[in-house]
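In what follows, a structure is listed as structure tokens, so that the remarks can point back to it.
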Amino acid sequence: MNTHLSDRQRFLFAGLGGIMPTLLNLIVIDLETLLLSVTLLSVLSYLIRVLALFAIGGVVGWLNRSECDPVKLFQLGIAAPALITAAMNGGRVALPDAP
């Protein structure tokens, strides 16, 4: 596909990719926990996380000016937010005590 995408379109496609790791994390890991203790603060924190990762993914797509395929931009947008989400989830895992 060699159609030209505007900067805004590239940002949008990559930004949508950027929020996928958080949405999947919400569905697979955090949904039950979040629903048990729904507070304004927990909803607000997820909203801030989604907006931040959307922006990070969008910037990655925007920086790849030569890319015109929406699917590839979506994939590019997943990369940095997925690493950030994995690091945030890894920080919550308790390491076992040494014997």
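The values are calculated or read from the model by the stated rules, or taken from the named source; none is laboratory data. For clarity, every value in this text was computed on a predicted model and none was experimentally measured. In case anyone asks, the SASA skips ligands and DNA or RNA and just uses the protein heavy atoms, side chains included. Shrake-Rupley method; radii C 1.70, N 1.55, O 1.52, S 1.80 Å.
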Checklist outcome for this item: Using a 1.4 Å probe on heavy atoms of the protein chains only, the accessible area for Leu76 in Å², nearest 10, reads 60 Å²
Checklist entry - When all protein chains stay in place, what accessible area (Å², nearest 10, 1.4 Å probe) is found for Phe11? => result 60 Å²
Checklist entry - Hey, what's the Cα Rg ratio for region 37-93 versus the globular rule of thumb, 2.2 N^0.38 Å? => result 1.35
Item to check | Heavy atoms of Ser66 accessible to a 1.4 Å probe, total area in Å² rounded to 10 | outcome: 120 Å²
Checklist entry - Over all distinct Cα pairs, what is the inverse of the mean 1/r for the chain, reported as the Kirkwood hydrodynamic radius in Å? => result 14.6 Å
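Which value, in Å², gives the accessible area per residue of region 1-94 when a 1.4 Å probe is used on the protein heavy atoms? If you can, show how the numbers build up before the last one.
Values: 6090 Å² over 94 residues.
Per residue, region 1-94 has an accessible area of 65 Å².
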Item to check | Share of carbon and sulfur in the accessible heavy-atom surface of the chain [1.4 Å probe, %] | outcome: 73 percent
